[in-house]
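Right, one structure below, let's go through it.
Every read-out reported here was derived from the displayed coordinates using simple, explicitly stated rules and does not represent laboratory data. All values reported here derive from a predicted model rather than from experimental measurement. Virtual Cβ from ideal backbone geometry, glycine too; neighbours counted across all protein chains shown.
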Amino acid sequence: MFKVTHVKKSTNPTEEETWIEPRAQETYDMYIRISQEYRSTLPFENQDRPFTQEENENIWKQSAGEPIRGSTYGYPEKAYQKKKSWYCGSSSSSFDGGDKETISAMESKIAYLNAELAAVAEREKKREEKERKRERRRLRQQMSSDENDKSDKESEGDENGTSDKESESD
């Protein structure tokens, strides 16, 4: 796919292919060379099999060189994690020392933010409980006030010699 997207299209079939930039051709040629070298190290019965995705990724990343700003040339993956590959003869390692420090700092920040979140949640819970108590108190006062108003009206009616029921029937 890389070759298809990095070679200029020509309408003349006899014209030699032209790469969009020298680096594209150099990277592709390096990929072909490294993949042939790797294939020759495989047991004879496995030399014709297609590469696994991981093998392909490792070969491509070796061909393209070190990532720049987290991106490997010609590789669609945005977040490239530095790995030592089989080609260098070392074991696979996801992180170097600098990355471990970064991860440790991030873990500390996550722990701090989780504690802060728990404190905010606790404050919110207390605030909601206070709000419910205020609402219940307000409703009780309102009910008490309504009962007082009702009894005041009834007593006014008694003072006039008529009750509310009698005045309603008039």
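Odds and ends about this structure:
- Cross-linked pairs K130/K150; K3/K61; K125/K150: Cα-Cα separations exceed 27 Å for K130/K150; K125/K150.
- For A105 and E54, a Förster radius of 35 Å and the Cβ-Cβ distance give a FRET efficiency of 0.75, rounded to the nearest 0.05.
- Of the GluC sites (Glu not before Pro) in the range 1-36, those whose Cβ has at most 15 other Cβ within 10 Å and which sit in DSSP loop: E15, E16, E17
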